[in-house]
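The values are calculated or read from the model by the stated rules, or taken from the named source; none is laboratory data. As the structure is a prediction and not an experimental result, all values here were calculated from the model. Please note: Cβ atoms are built from the backbone with ideal geometry, for glycine as well, and neighbour counts cover all protein chains shown. To get the accessible areas, we keep the full protein, side chains included, count just its heavy atoms, and leave off ligands, DNA and RNA. Shrake-Rupley method; radii C 1.70, N 1.55, O 1.52, S 1.80 Å.
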Amino acid sequence: MTLITNLAKNAASAAKKLAILDTEQKNIILNAMACEIRASKYEIQQANELDLQAASENNLSAAMIDRLTLSPARIEDMASGLEDVAQLPDPVGGKRILGKQASGIEVQKMRVPLGVICMIYEARPNVTADAGALCFKSGNGVILRGGKEALNSSLAIAQVMHKVLDEYGLPKELITVVPDPDRALLLELMAQKEYIDLVIPRGGEGLIEFVTTHSAIPVIQHFKGVCHLYVDKDADLDMAIALLLNGKTQRTGVCNALEGLLVHQSIAREFLPKVRDVLSQAGVQVHACQSASAYFSCVNTLADDQFGQEYLGLEIAIRIVEDLTGALAHIDQFGSHHTEVICTDSPQAALQFQTQVDASVVMVNASSRFSDGGQLGLGAEIGIATTKLHAYGPMGLESLTTEKYLVNGFGNIRT
């Protein structure tokens, strides 16, 4: 039996052990993991330093290094995240009554774990803790295949979680990190449909396409975030500036950062000089359509087919559109089904935007940075699904479960 087959088989076997744990026991273990992460922060940072050193030697982008870095604050966020998951309602075992049928049978649906989830991700070592906690609470085993950029960090985090699992008599295979980033092993991993129930890739466009093309297991895509802010003719322009700056500059290397700004033509003359000033002060490079370029002294002019880039840095694409219909058409062509925002005082425009935009999160007068499981009340997320089966948008605990039918009869037979 190969390394990968053995990992997958052991994860499937370990997942069955979670069925005997009730919610209180799972929460106790999650809180213990949080404490152990805090106690092991020095060891985790040492491992992260090895990854950061290699990242620097390999000239990784600033966005990639930002995602890779585990500062003391981010390690504390990981620990707090586990405690947040412990506080969340447990979906497993929840029932919906569908009622007594004409035949006399009584029908319910009950939430159950998916089984074993395989997470494939790049330079995000915090995913190891987040995904491990969410899958544990939702009753799933998890196999974590991170990129080589974060391997030392991921193994260190997993070792901390394994220590707690061992203390509570649970198999460490509940949270498995693939120790070798070889792409050939990734292909073998995606063939383990006998043991793995779902694959969730989270990372760049190339990774998502590779996994989707080669996986023999169902895939939920967590695709790139080409998020837009559309400033309508009835917008509060000061609010629009605040939404623009927060969405673009608070943290650039994340999938819910703004990558595009669409401006109604009737307010462009008043609004775009304000945009020029604040983006210049923030050091943001502007790419713009020919009409919008006239408002900027330092600009890269884009052709109509050159929009839709995910910059993950201090860059943004700006386009003047004729009206709301034009904004909707642009988003339909260049959006990534992630997050779209409208700034407007018009209830009619807001309703039309939220109804017609095809994105997992559609916002009115709120920053794109709120497109996050914790911010939307899920407590935590395993990622943001940009495909629609079986989840769309930030995936919390409930998205990591499914439902099975429970039927009770009294000797009923079908006639």
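Structure data summary
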item	result
Residue among MET110, MET78 that alone is more than 17 Å from TYR405 (Cβ to Cβ) and hydrophobic (A, V, I, L, M, F, W, C)	MET78
Members of the range 337-388 found to be aliphatic (A, V, I, L, M) and assigned to a loop (DSSP other than H, G, I, E, B), listed by number	VAL357, ALA359, ALA366, LEU376, LEU378, ALA380, ILE382
Residue check, ALA73 open to solvent by less than 60 Å² (accessible area, probe 1.4 Å) and under 22 Å from the mean Cα position of the chain (by Cα)	no
Count - residues of the range 169-191 that are in a helix (DSSP H, G or I) and open to solvent by 40 Å² or more (accessible area, probe 1.4 Å)	6
Unmet criterion (only one of (1) more than 19 Å from GLU340 (Cβ to Cβ); (2) part of a helix (DSSP H, G or I); (3) open to solvent by 10 Å² or more (accessible area, probe 1.4 Å)) for GLY283	(2)
Selection status of ALA240, outside the structural domain of ILE331 (by the TED database), in contact (Cβ under 8 Å) with a residue 24 or more places away in the chain and more than 20 Å from the chain's Cα centre (by Cα)	no
Out of GLN348, GLN285, GLN309, GLN290, sole residue that is of a type outside the set (A, V, I, L, M, F, W, C), more than 19 Å from VAL361 (Cβ to Cβ) and in contact with an Asp or Glu (Cβ under 6 Å, 6 or more places away or on another chain)	GLN285
Condition met for GLU194 (assigned by the TED database to the domain that holds GLY139, open to solvent by 30 Å² or more (accessible area, probe 1.4 Å), touching a residue at least 12 places away in the same chain (Cβ under 8 Å) and not in a strand (DSSP E or B))	yes
Residue in the range 1-17 that is over 13 Å from LEU170 (Cα atoms) and touching a Lys or Arg at 6+ places or on another chain (Cβ under 8 Å) present	yes
Members of the range 379-391 found to be open to solvent by 60 Å² or more (accessible area, probe 1.4 Å) and touching a residue at least 40 places away in the same chain (Cβ under 8 Å), listed by number	LEU389, HIS390
Members of the range 17-66 that are closer than 30 Å to ILE196 by Cα, at pLDDT below 95 and surrounded by fewer than 13 Cβ atoms within 10 Å (Cβ to Cβ)	ALA19, ILE20
Members of the range 236-261 found to be open to solvent by 20 Å² or more (accessible area, probe 1.4 Å) and part of a loop (DSSP other than H, G, I, E, B), listed by number	ASP236, GLN250, ARG251, THR252, CYS255
Residue satisfying all of: in the range 203-218; open to solvent by 10 Å² or more (accessible area, probe 1.4 Å), among the hydrophobic types (A, V, I, L, M, F, W, C) and free of Cβ contacts under 8 Å to residues at least 40 places away in the same chain; farthest from HIS390 (Cα to Cα) among these	PHE210
The range 292-309, residues that are in contact with a Ser or Thr (Cβ under 9 Å, 6 or more places away or on another chain), modelled with pLDDT of 95 or more and of a type outside the set (A, V, I, L, M)	SER293, PHE296, ASN300, THR301, GLY308
